[in-house]
Amino acid sequence: MTAEVTEFLTAGLRPHECRSCGTCVLVKKNSLAHTSIQWTTDASHSCPVFATHVAAGRHPALLDTCEKLADSITDAVRDGSLAVADRSCDGSAAEVVRGG
């Protein structure tokens with residue numbers, strides 16, 4: 001992978017600990033509607049919600065996300081501990097924090 005591709009894929013990712021189970025993931029909020037999540041562990045072992053789905057026979061790659069993790073990320077944006085990268089009309093990015 002080139003340095004440019006690595007930078008594109010990883011820039012702006014921040015550690016976030018799920019407030020429900022404590023699993024740590026890397027998160028980037030590109031907008032209020034768009035969230036990128038990189039799991040740093042095997043989700044089927046570290047996340048109780050994913051573990052339940054896997055135990056029921058579902059493949060973890062087919063799961064959208066953990067709703068408890070999504071709620072935790074939303075709460076972090078709301079309380080200002082996770083910034084949202086806001087793109088201006090000219091395409092430049094600025095880190096802003098939005099409360100809710």
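Scanning the chain for DSSP H helices at least 18 Å long along the axis (C-alpha atoms) with a Kyte-Doolittle mean no lower than 0.5 picks out nothing. Applying both filters, DSSP loop and at most 14 other Cβ atoms within 10 Å, to the trypsin sites (Lys or Arg not before Pro) of the stretch 1-90 gives R19, R58.
Average accessible surface for the chain: 65 Å² per residue, computed with a 1.4 Å probe over protein heavy atoms with every protein chain in place.
Set against the labelled values (i) 22.5; (ii) 14.7; (iii) 14.2, Kirkwood radius over Cα pairs in Å computed from this structure falls on (ii). The order of C21, C66 by accessible area, most exposed first and with a 1.4 Å probe, is C21, C66. Between T6 and L26, full extension at 0.36 nm per residue minus the direct alpha carbon distance yields a gain of 5.8 nm.
For the chain, the 222 nm mean residue ellipticity estimated from helices alone, with every DSSP H stretch of n ≥ 4 adding -39500 (n - 2.57) and the total spread over all residues, rounds to -8500 deg cm²/dmol. Heavy-atom surface analysis with a 1.4 Å probe gives the chain a carbon and sulfur content of 55 percent of its accessible area.
The values are calculated or read from the model by the stated rules, or taken from the named source; none is laboratory data. Predicted model only: the values in this text are computed from it and were never measured. No Cβ is skipped: glycine too gets one built from the backbone with ideal geometry, and neighbour counts run over all protein chains shown. The protein model used for the area step is the full one, side chains on, heavy atoms only, and it has no ligands, DNA or RNA in it. Shrake-Rupley method; radii C 1.70, N 1.55, O 1.52, S 1.80 Å.
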